[in-house]
Amino acid sequence: MGRAHEVRKVAMAKTAAKKAKVYSRYGKEIYLAAKAGGPEPDANLSLRRLIEKAKKDQVPADVIKRAIDKVKSGVTEDYEPIQFEGFGPNNSTIIVKCLTDNINRTISQVRPAFTKSKSKLGAEGSVSYLYDVESTVIFKGMDEETALEALIMAEVDAKDITTLEDGRIKVTGEPTDLYKIKTAIEEANSDVEFDIYEITTTPQDYVELDGDDMMLFERLMDLLDDCDDVDQVFHNVSNYDDGEEE
(Lines give C-alpha, C1' and ligand atoms only; values in the text may rest on other atoms or scores of the structure.)
Protein backbone atom coordinates (compact mmCIF):
# COMPACT_ATOMS: atom_id res chain seq x y z
CA MET A 1 0.00 0.00 0.00
CA GLY A 2 2.85 2.35 0.84
CA ARG A 3 4.52 1.66 -2.51
CA ALA A 4 1.27 2.28 -4.41
CA HIS A 5 0.84 5.58 -2.59
CA GLU A 6 4.35 6.68 -3.54
CA VAL A 7 3.76 5.75 -7.19
CA ARG A 8 0.54 7.77 -7.24
CA LYS A 9 2.29 10.67 -5.52
CA VAL A 10 5.06 10.73 -8.13
CA ALA A 11 2.54 10.45 -10.98
CA MET A 12 0.47 13.33 -9.56
CA ALA A 13 3.60 15.47 -9.16
CA LYS A 14 4.58 14.84 -12.79
CA THR A 15 1.08 15.70 -13.96
CA ALA A 16 1.08 18.91 -11.94
CA ALA A 17 4.51 19.89 -13.28
CA LYS A 18 3.39 19.24 -16.87
CA LYS A 19 0.27 21.36 -16.39
CA ALA A 20 2.31 24.18 -14.86
CA LYS A 21 4.63 24.14 -17.87
CA VAL A 22 1.70 24.23 -20.30
CA TYR A 23 0.20 27.19 -18.42
CA SER A 24 3.55 28.99 -18.42
CA ARG A 25 4.03 28.41 -22.15
CA TYR A 26 0.59 29.76 -22.99
CA GLY A 27 1.14 32.69 -20.65
CA LYS A 28 4.27 33.70 -22.57
CA GLU A 29 2.72 33.17 -26.00
CA ILE A 30 -0.49 35.04 -25.16
CA TYR A 31 1.52 37.92 -23.67
CA LEU A 32 3.67 38.18 -26.80
CA ALA A 33 0.65 37.99 -29.13
CA ALA A 34 -1.18 40.67 -27.15
CA LYS A 35 1.92 42.85 -27.04
CA ALA A 36 2.48 42.54 -30.79
CA GLY A 37 -1.08 42.94 -32.04
CA GLY A 38 -3.04 44.49 -29.21
CA PRO A 39 -4.82 43.00 -26.17
CA GLU A 40 -8.30 42.79 -27.74
CA PRO A 41 -8.95 39.31 -29.23
CA ASP A 42 -11.58 40.60 -31.66
CA ALA A 43 -8.97 42.81 -33.32
CA ASN A 44 -6.03 40.41 -32.98
CA LEU A 45 -6.39 37.11 -34.86
CA SER A 46 -3.19 35.62 -33.44
CA LEU A 47 -4.32 36.35 -29.90
CA ARG A 48 -7.79 34.99 -30.56
CA ARG A 49 -6.35 31.74 -31.95
CA LEU A 50 -4.08 31.32 -28.94
CA ILE A 51 -6.90 31.93 -26.48
CA GLU A 52 -9.12 29.38 -28.25
CA LYS A 53 -6.29 26.86 -28.25
CA ALA A 54 -5.48 27.54 -24.59
CA LYS A 55 -9.09 26.96 -23.58
CA LYS A 56 -9.10 23.71 -25.56
CA ASP A 57 -6.02 22.64 -23.59
CA GLN A 58 -7.86 23.49 -20.36
CA VAL A 59 -5.71 26.47 -19.43
CA PRO A 60 -7.48 28.34 -16.58
CA ALA A 61 -9.15 31.62 -17.52
CA ASP A 62 -7.12 33.53 -14.93
CA VAL A 63 -3.85 32.45 -16.60
CA ILE A 64 -5.10 33.89 -19.89
CA LYS A 65 -6.40 37.05 -18.22
CA ARG A 66 -3.15 37.70 -16.34
CA ALA A 67 -1.10 37.49 -19.54
CA ILE A 68 -3.36 39.98 -21.33
CA ASP A 69 -3.58 42.28 -18.29
CA LYS A 70 0.22 42.55 -18.26
CA VAL A 71 0.06 44.18 -21.68
CA LYS A 72 -2.85 46.43 -20.73
CA SER A 73 -1.02 47.62 -17.61
CA GLY A 74 2.21 48.29 -19.48
CA VAL A 75 4.28 45.54 -17.85
CA THR A 76 7.30 44.79 -20.03
CA GLU A 77 8.62 41.25 -20.42
CA ASP A 78 11.08 40.45 -23.18
CA TYR A 79 10.86 36.91 -24.52
CA GLU A 80 12.95 35.94 -27.50
CA PRO A 81 12.36 32.87 -29.67
CA ILE A 82 15.39 30.64 -30.13
CA GLN A 83 15.60 27.35 -32.02
CA PHE A 84 17.95 24.42 -31.53
CA GLU A 85 18.43 21.63 -34.05
CA GLY A 86 20.02 18.33 -33.26
CA PHE A 87 20.56 14.65 -33.93
CA GLY A 88 19.43 11.78 -31.73
CA PRO A 89 20.14 8.06 -31.95
CA ASN A 90 19.90 6.15 -35.23
CA ASN A 91 19.14 9.01 -37.66
CA SER A 92 16.52 10.63 -35.46
CA THR A 93 16.30 14.42 -35.69
CA ILE A 94 14.99 17.00 -33.25
CA ILE A 95 13.93 20.63 -33.42
CA VAL A 96 13.59 22.44 -30.09
CA LYS A 97 11.80 25.79 -30.00
CA CYS A 98 12.19 27.97 -26.93
CA LEU A 99 10.84 31.25 -25.60
CA THR A 100 13.32 32.85 -23.26
CA ASP A 101 14.31 36.05 -21.49
CA ASN A 102 17.83 34.71 -20.93
CA ILE A 103 19.49 32.93 -23.85
CA ASN A 104 22.53 31.82 -21.83
CA ARG A 105 20.26 30.12 -19.30
CA THR A 106 18.35 28.37 -22.06
CA ILE A 107 21.52 27.09 -23.71
CA SER A 108 22.73 25.81 -20.34
CA GLN A 109 19.48 23.83 -20.04
CA VAL A 110 19.21 22.45 -23.57
CA ARG A 111 22.82 21.50 -24.29
CA PRO A 112 23.15 19.04 -21.34
CA ALA A 113 19.89 17.37 -22.38
CA PHE A 114 21.57 16.37 -25.64
CA THR A 115 24.92 15.35 -24.18
CA LYS A 116 23.34 13.28 -21.38
CA SER A 117 21.37 11.28 -23.94
CA LYS A 118 24.34 10.75 -26.29
CA SER A 119 22.78 13.10 -28.82
CA LYS A 120 24.34 16.18 -30.36
CA LEU A 121 23.33 19.70 -31.29
CA GLY A 122 23.75 20.74 -34.90
CA ALA A 123 24.24 24.07 -36.62
CA GLU A 124 21.34 26.28 -37.59
CA GLY A 125 19.62 24.74 -40.63
CA SER A 126 21.20 21.32 -40.19
CA VAL A 127 17.84 19.71 -39.43
CA SER A 128 15.08 22.19 -40.25
CA TYR A 129 15.41 21.64 -44.00
CA LEU A 130 14.14 18.09 -43.38
CA TYR A 131 10.82 19.44 -42.00
CA ASP A 132 7.84 21.17 -43.57
CA VAL A 133 6.24 24.14 -41.81
CA GLU A 134 2.57 24.46 -42.75
CA SER A 135 -0.94 25.22 -41.56
CA THR A 136 -2.75 22.15 -40.29
CA VAL A 137 -6.51 22.17 -39.70
CA ILE A 138 -8.30 19.01 -38.53
CA PHE A 139 -12.05 18.98 -37.97
CA LYS A 140 -15.21 16.87 -38.02
CA GLY A 141 -18.75 17.60 -39.17
CA MET A 142 -18.07 17.97 -42.90
CA ASP A 143 -17.06 15.59 -45.68
CA GLU A 144 -14.00 16.02 -47.87
CA GLU A 145 -15.91 17.08 -50.99
CA THR A 146 -17.82 19.81 -49.13
CA ALA A 147 -14.63 21.03 -47.47
CA LEU A 148 -12.86 21.22 -50.82
CA GLU A 149 -15.75 23.18 -52.31
CA ALA A 150 -15.70 25.60 -49.34
CA LEU A 151 -11.98 26.23 -49.82
CA ILE A 152 -12.41 26.79 -53.56
CA MET A 153 -15.29 29.23 -53.01
CA ALA A 154 -13.14 31.15 -50.51
CA GLU A 155 -10.22 31.13 -52.98
CA VAL A 156 -7.98 29.32 -50.48
CA ASP A 157 -5.24 27.26 -52.12
CA ALA A 158 -4.79 24.27 -49.81
CA LYS A 159 -1.76 21.99 -50.21
CA ASP A 160 -3.67 18.83 -49.37
CA ILE A 161 -7.03 17.65 -48.06
CA THR A 162 -7.57 14.11 -46.79
CA THR A 163 -10.04 12.05 -44.80
CA LEU A 164 -8.43 10.44 -41.76
CA GLU A 165 -9.23 6.91 -40.58
CA ASP A 166 -11.61 8.19 -37.92
CA GLY A 167 -13.56 10.28 -40.44
CA ARG A 168 -12.07 13.65 -39.56
CA ILE A 169 -10.90 15.93 -42.35
CA LYS A 170 -7.32 17.20 -42.46
CA VAL A 171 -6.39 20.26 -44.51
CA THR A 172 -2.83 21.53 -44.90
CA GLY A 173 -1.72 24.78 -46.46
CA GLU A 174 0.83 27.57 -46.36
CA PRO A 175 1.61 28.91 -42.86
CA THR A 176 0.09 32.27 -43.80
CA ASP A 177 -3.25 30.66 -44.76
CA LEU A 178 -4.18 29.20 -41.36
CA TYR A 179 -7.00 31.66 -40.63
CA LYS A 180 -8.22 31.61 -44.24
CA ILE A 181 -8.64 27.83 -44.10
CA LYS A 182 -10.43 27.86 -40.75
CA THR A 183 -12.70 30.75 -41.73
CA ALA A 184 -13.64 29.13 -45.05
CA ILE A 185 -14.71 25.93 -43.28
CA GLU A 186 -16.59 27.83 -40.55
CA GLU A 187 -18.50 29.91 -43.08
CA ALA A 188 -19.55 26.76 -44.95
CA ASN A 189 -20.75 25.05 -41.76
CA SER A 190 -20.80 26.79 -38.37
CA ASP A 191 -21.39 23.45 -36.60
CA VAL A 192 -17.99 22.03 -37.59
CA GLU A 193 -15.84 21.02 -34.59
CA PHE A 194 -12.15 21.85 -34.88
CA ASP A 195 -9.66 19.53 -33.16
CA ILE A 196 -6.47 21.17 -34.44
CA TYR A 197 -5.76 24.46 -36.19
CA GLU A 198 -2.16 25.53 -35.87
CA ILE A 199 1.15 25.99 -37.61
CA THR A 200 2.88 22.61 -37.53
CA THR A 201 6.44 21.47 -38.13
CA THR A 202 6.28 18.05 -39.76
CA PRO A 203 9.19 15.75 -40.72
CA GLN A 204 9.41 14.72 -44.34
CA ASP A 205 10.57 11.22 -43.36
CA TYR A 206 10.28 9.14 -40.18
CA VAL A 207 12.42 6.59 -38.38
CA GLU A 208 11.56 3.89 -35.83
CA LEU A 209 13.66 3.28 -32.74
CA ASP A 210 13.93 0.32 -30.39
CA GLY A 211 16.11 -1.01 -27.58
CA ASP A 212 18.89 1.28 -26.35
CA ASP A 213 18.19 3.81 -29.09
CA MET A 214 14.63 4.30 -27.84
CA MET A 215 15.81 4.50 -24.23
CA LEU A 216 18.25 7.28 -25.13
CA PHE A 217 15.64 9.12 -27.16
CA GLU A 218 13.12 8.90 -24.32
CA ARG A 219 15.77 10.27 -21.96
CA LEU A 220 16.35 13.19 -24.31
CA MET A 221 12.62 13.96 -24.47
CA ASP A 222 12.30 13.77 -20.67
CA LEU A 223 15.27 16.09 -20.15
CA LEU A 224 13.94 18.61 -22.67
CA ASP A 225 10.54 18.44 -21.01
CA ASP A 226 12.21 19.46 -17.75
CA CYS A 227 13.67 22.62 -19.35
CA ASP A 228 11.50 25.57 -18.36
CA ASP A 229 12.32 27.58 -21.48
CA VAL A 230 11.49 24.82 -23.98
CA ASP A 231 8.27 25.72 -25.78
CA GLN A 232 7.86 22.97 -28.38
CA VAL A 233 9.79 19.89 -29.51
CA PHE A 234 9.45 18.33 -32.96
CA HIS A 235 11.05 15.04 -34.03
CA ASN A 236 10.87 12.32 -36.66
CA VAL A 237 10.48 9.22 -34.46
CA SER A 238 7.24 7.57 -35.54
CA ASN A 239 6.92 5.08 -32.67
CA TYR A 240 7.60 7.45 -29.76
CA ASP A 241 4.50 8.14 -27.68
CA ASP A 242 4.63 11.77 -26.60
CA GLY A 243 1.28 11.55 -24.88
CA GLU A 244 -0.43 13.92 -27.30
CA GLU A 245 -3.19 13.15 -29.70
CA GLU A 246 -3.28 14.49 -33.19
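The values are calculated or read from the model by the stated rules, or taken from the named source; none is laboratory data. Predicted, not measured: the structure shown is a model, and the values here were computed from it. Positions of Cβ are generated from backbone atoms using ideal geometry, with glycine treated the same way; all protein chains shown enter the neighbour counts. Remember, those area values only see protein heavy atoms, side chains included, never the ligands or the DNA or RNA. Shrake-Rupley method; radii C 1.70, N 1.55, O 1.52, S 1.80 Å.
Between rounded, prolate and oblate, where does segment 67-139 land on the alpha carbon gyration tensor, with a ≥ b ≥ c its root eigenvalues, rounded for a/c under 1.5, else prolate if a/b exceeds b/c? Oblate, because a/c is 1.5 or more while a/b does not exceed b/c. With all protein chains in place and a 1.4 Å probe, the accessible surface of the chain carries 48 percent carbon and sulfur.
In this model, which of 21/140; 55/140; 19/55; 56/180; 28/97 are farther than 22 Å apart at the alpha-carbon? Long pairs (Cα-Cα over 22 Å): 21/140. In order along segment 28-35, the phi-based Karplus estimate (6.51 cos²θ - 1.76 cosθ + 1.60, θ = phi - 60°) of 3J(HN,Hα) comes to 5, 5, 5, 4, 5, 5, 5, 5 Hz; Gly and Pro are listed as x. Would you work out which of 209, 91, 16 lies farthest towards the positive end of the dipole of the chain, given +1 charges on the beta-carbon of Lys and Arg and -1 on that of Asp and Glu, about the Cα centre? Comparing the listed Cα positions along the dipole, 16 ranks first. If R0 is 45 Å, what FRET efficiency do you get for residue 155 and residue 111 from their C-beta distance, rounded to 0.05? It comes to 0.45.
Averaging the Cα positions of each part gives two centres, and for segment 129-204 and segment 33-65 these lie 21 Å apart.
Placing a pseudo-label 7 Å from each Cα along the Cα-to-Cβ vector at residue 126 and residue 104 gives an inter-label distance of 2.4 nm. On full extension of the chain, what length is gained from residue 206 through residue 61, given 0.36 nm per residue of separation minus the C-alpha to C-alpha distance? Going from the current span to full extension adds 48.5 nm. Counting charges near residue 141 (Lys, Arg +1; Asp, Glu -1) among other residues having Cβ under 11 Å from its Cβ returns a value of -3.
Note that the chain presents 59 Å² accessible area per residue, ligands and nucleic acids not counted, probe 1.4 Å. Quick one: Debye curve from the alpha-carbon atoms of segment 55-209 only, equal weights, vacuum; give me log10 I(q)/I(0) at q = 0.20 Å⁻¹ to two decimals. So the normalised log intensities are -1.15. The charge dipole of segment 72-126, taken about its Cα centre with unit charges on the Cβ of Lys, Arg, Asp and Glu (plus for the first two, minus for the last two), comes to roughly 340 debye. Basic side chains Lys and Arg get +1 at the Cβ, acidic Asp and Glu get -1 at the Cβ, and with that the dipole of the chain about its Cα centre reaches some 1560 debye. The phi torsions of segment 42-50, fed into the Karplus equation with coefficients 6.51, -1.76 and 1.60 and a -60° offset, translate into couplings of 5, 9, 9, 4, 5, 5, 4, 4, 5 Hz, rounded to whole numbers, with Gly and Pro shown as x. Subtracting the Cα-Cα distance of residue 90 and residue 18 from their residue separation scaled by 0.36 nm leaves 23.1 nm. With only Cα atoms counted, segment 109-151 has Rg and Dmax values of 19.4, 51 Å.
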